[in-house]
Amino acid sequence: MHDTAQQITGCRPDDFFLKLIGPSRFRPLSCRGTYFQMLDYAAITDEVDMAFARRLTTRHGVAAIPPSVFYHGGDDHRVLRFWFAKNDATLREAAEKLCRI
């Protein structure tokens with residue numbers, strides 16, 4: 001049987017992901033009742049969210065969703081959406097990569 005973050009640490013998956021990315025330069029935004037975590041990346045780059053999401057995927061192997069694609073006006077608030085409903089090993093690997101950025 002595969003142990004989950006909640007079984008090992010007592011944390012919900014979103015709290016587990018937040019603990020893993022704590023040392024990063026990303027700033028988590030308050031998100032509850034979802035399988036997505038919004039992270040502010042303004043301290044990292046001035047790139048628009050679509051460009052930064054593409055760079056994260058191609059250069060760092062971490063996929064993120066640029067929320068501006070959901071806004072009628074294409075508003076860009078320098079945040080990305082990350083899906084944390086993954087297995088623990090995937091979350092750890094992604095967090096390690098995000099902490100190196």
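The values are calculated or read from the model by the stated rules, or taken from the named source; none is laboratory data. All values reported here derive from a predicted model rather than from experimental measurement. Note that we place each Cβ from the backbone using ideal geometry, even for glycine, and neighbour counts take in every protein chain shown.
Details
- Within the range 1-60, restricting attention to residues that are modelled with pLDDT under 95, among the aromatic types (Phe, Trp, Tyr) and within 21 Å of His77 (Cβ to Cβ), the residue that is surrounded by the most Cβ atoms within 10 Å (Cβ to Cβ) is Phe17.
- Candidates are the residues of the range 33-92 that are in contact (Cβ under 8 Å) with a residue 60 or more places away in the chain and touching a strand residue (DSSP E or B) at 6+ places or on another chain (Cβ under 6 Å); the one that is nearest to Leu20 (Cα to Cα) is Phe84.
- Of everything in the range 42-101 that is under 16 Å from Arg25 (Cβ atoms) and of a type in the set (Phe, Trp, Tyr), the residue that is nearest to the chain's Cα centre (by Cα) is Phe82.
- Residue, modelled with the lowest pLDDT, within the range 61-101, restricted to residues that are among the hydrophobic types (A, V, I, L, M, F, W, C) and in a strand (DSSP E or B): Trp83
- For the range 29-45, the set of residues classified as touching a Phe, Trp or Tyr at 6+ places or on another chain (Cβ under 9 Å) and not polar (S, T, N, Q) consists of Tyr35, Phe36, Met38, Leu39, Asp40, Tyr41, Ala43, Ile44, listed by residue number.
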